[in-house]
Amino acid sequence: MSSTLSISPITKNFINGVLSNGQATTIDVLSPSDGKVISKVVLSSTDDLSDAVAAAHKALPGWSGMTLKERVQVFYKFRQLLERDIEELTELVHLENGKIHSEARAEVMKGIELTEFACSLPQMISDEIQEVSQGVECRTSHVPVGVVASITPFNFPAMVPLWTIPNAIALGNCMIIKPSEQTPISAMKIAELLKEAGLPDGILNVINGDKQIVEAICDHPDIEAVSFVGSTHVAKIVYQRATSNLKRCVALGGAKNHLIVLPDAHVDMTATNVAASMAGCAGQRCMAASAMVAVGQIDHIVDRICEEARNIKVGENLGTVISQAAKDRIERYITEAEEQGAKVLVDGRNVTVPGKEDGFYVGTTVIDHVRPDMKIAQEEVFGPVLSIMRTDNIDDAIKIENASNYGNASSVFTQNGSMANYVMDRVSAGMVGVNIGVPVPREPFSFGGWNESRFGVNDITGKSSISFWTKLKKRTTKWNPEDRTNWMS
């Protein structure tokens, strides 16, 4: 831990601008790098949630009554504070999530980009006005939804909260954030910086907790919208529960992203991109390359991918997975695939880092000759593991991709533009790429997958999120009774 970094022994709730203990129960927050306790986090009660919602509800009229241009001024200042404290935020992400420092810093940099997008909203949103008949004017405007909630995961403890906080609040809503109980510290830092930036009390509230609070958010009658990021299993439950309570909801789930590699692919570019996509953030991201479909004779490319994978070392340029349970689960996937006939080319099981023997490390793993019916080929592993499936032609490769229940991302590696378009047009994924291992759209383009990788009709970031965080109000006015009228007026 940095000698200058101060972490509270108890990570509390943040309600109406002040810290709150919540109910008495706490659980340990562990640093995945060495397994040591870095804080405790309160587990909130439903009464704590009600207090936060009440504070947000009280703050809503004043905040939503301001103009969009006035509201985004807070985020200009917030952006400056993110840059000022980037080293502290980087260290917090590293400590509570286990990312290496360069990945943690990149996460914070992405948060700054997301904040910049929110600052640009006044230049993107304007009322539409048209005289639809003589003396009759129609006008549409975006108005806030109300009190909203965002449930965020452990794998990006700073970035994912910033997927939703800047846009939702800049658009006039008041928000409840429920961070992962495994990584609650970064979200608290964000709340403190927003208060310093001038965000009035009650507009952003942080509620820590577990399953009970997630369910309470879905059920609370005064929460109008819920966003969620996590596993597909839980995303389905949250979406069904929230919408059954007549809330709008966008719930992002898991992924099984397929990289289709053709024989003409650029060898070095393919190998570095595939390995980086598989191992980045220890594979704990919904855009990680967990499945590769090798089309034809590409052993030379597979060999280079293995070389790149072996150069990624735990504790150096590869961070940890989130917990011992995650480590055990990932290694079970590898062992089961090997027992079913797959060939482990690079083995990341049972690795340790000297001096950090209690850390939750899994090394890069490349498994060849995986069959599409194997569990490791179908389920989200969420670790630095690449499963390679073999096929003779591109159409069979596309069939393998499209057979997945997920639909987050897919990329094709080729030097043939016509073939690249052929694949992109046919794969069932919301985000597609060519010669890139992680085809994440950048702002103002929105983030969101298809199929069981997303539930709901809007994406969670970018332009698409505007429709989620606002309601469209339509106004029709007529002031001239002397004007000639017809059926339209």
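The values are calculated or read from the model by the stated rules, or taken from the named source; none is laboratory data. Predicted model only: the values in this text are computed from it and were never measured. Every residue, glycine among them, receives a Cβ derived from its backbone with ideal geometry; neighbour counts consider all protein chains shown.
Do you know which of the residues in region 321-339 that are hydroxyl-bearing (Ser, Thr, Tyr) and under 28 Å from the mean Cα position of the chain (by Cα) is nearest to ALA104 (Cα to Cα)? For region 321-339, the residue satisfying everything is SER323. The lone criterion from (1) within 20 Å of PRO372 (Cα to Cα); (2) in contact with a Lys or Arg (Cβ under 8 Å, 6 or more places away or on another chain); (3) exposed (fewer than 13 other Cβ atoms within 10 Å of the Cβ) left unmet by ILE398 is number (3).
Let's see how each residue does on (1) more than 30 Å from GLU181 (Cβ to Cβ); (2) of a type in the set (A, V, I, L, M, F, W, C):
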{"residue": "GLN297", "(1), (2)": "yes, no"}
{"residue": "HIS300", "(1), (2)": "yes, no"}
{"residue": "ARG310", "(1), (2)": "yes, no"}
{"residue": "LYS327", "(1), (2)": "no, no"}
{"residue": "ILE330", "(1), (2)": "no, yes"}
{"residue": "ALA342", "(1), (2)": "yes, yes"}
{"residue": "MET374", "(1), (2)": "yes, yes"}
{"residue": "ASP395", "(1), (2)": "yes, no"}
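Scan region 108-128 for residues that are outside any helix (DSSP H, G or I) and at pLDDT 95 or above and the total you get is 1. Within region 129-146, the set of residues being among the small types (Gly, Ala, Ser) and not in a loop (DSSP other than H, G, I, E, B) comprises SER133, SER141.
Could you grab me the full set of residues in region 198-212 that are of a type outside the set (Lys, Arg) and either part of a strand (DSSP E or B) or surrounded by fewer than 18 Cβ atoms within 10 Å (Cβ to Cβ) (or both)? GLY198, PRO200, ASP201, LEU204, ASN205, VAL206, ASP210, GLN212 - these are the residues of region 198-212 that are of a type outside the set (Lys, Arg) and either part of a strand (DSSP E or B) or surrounded by fewer than 18 Cβ atoms within 10 Å (Cβ to Cβ) (or both). In the set (1) among the charged types (D, E, K, R); (2) under 19 Å from SER64 (Cβ atoms); (3) without any contact (Cβ under 8 Å) to a residue 24 or more places away in the chain, the condition left unmet by ASP222 is number (3).
So that you can scan it fast, the table gives a plain yes or no per residue for (1) free of Cβ contacts under 8 Å to residues at least 40 places away in the same chain; (2) in a strand (DSSP E or B); (3) touching a strand residue (DSSP E or B) at 6+ places or on another chain (Cβ under 7 Å):
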site	(1), (2), (3)
VAL148	no, yes, yes
LEU162	no, no, no
ILE176	no, yes, yes
ALA187	yes, no, yes
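Residue check: MET374 meets all listed conditions (1) out of contact with any Asp or Glu (no Cβ under 6 Å at 6 or more places or on another chain); (2) closer than 30 Å to VAL37 by Cβ; (3) not basic (Lys, Arg) but one, namely (2). Taken over region 401-445, the residue count meeting the criterion of being under 19 Å from ILE376 (Cα atoms), in contact with a Lys or Arg (Cβ under 8 Å, 6 or more places away or on another chain) and surrounded by fewer than 19 Cβ atoms within 10 Å (Cβ to Cβ) is 2.
What about SER244, is it of a type in the set (S, T, N, Q) and surrounded by 23 or more Cβ atoms within 10 Å (Cβ to Cβ)?
No: the conditions fail for SER244.
Scanning region 91-107 for residues that are assigned to a helix (DSSP H, G or I) and surrounded by 23 or more Cβ atoms within 10 Å (Cβ to Cβ) yields a total of 8.
Conditions tested, residue by residue: (1) touching a strand residue (DSSP E or B) at 6+ places or on another chain (Cβ under 7 Å); (2) in contact (Cβ under 8 Å) with a residue 40 or more places away in the chain; (3) among the polar types (S, T, N, Q).
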site	(1), (2), (3)
ASN21	yes, no, yes
THR26	yes, no, yes
VAL42	yes, yes, no
ASP47	no, no, no
SER64	yes, yes, yes
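Of ILE312, ILE322, ILE367, all but one fail to be outside any loop (DSSP other than H, G, I, E, B), in contact with a Ser or Thr (Cβ under 9 Å, 6 or more places away or on another chain) and surrounded by 15 or more Cβ atoms within 10 Å (Cβ to Cβ); the exception is ILE367. Can GLU215 be described as under 24 Å from TRP63 (Cα atoms), in the same structural domain as LEU49 (by TED's automatic domain parsing), in a helix (DSSP H, G or I) and acidic (Asp, Glu)? Here the answer is no, as GLU215 does not meet what is asked.
Every test in (1) polar (S, T, N, Q); (2) surrounded by fewer than 18 Cβ atoms within 10 Å (Cβ to Cβ); (3) in a strand (DSSP E or B) is passed by ASN350 save one, and that test is (3).
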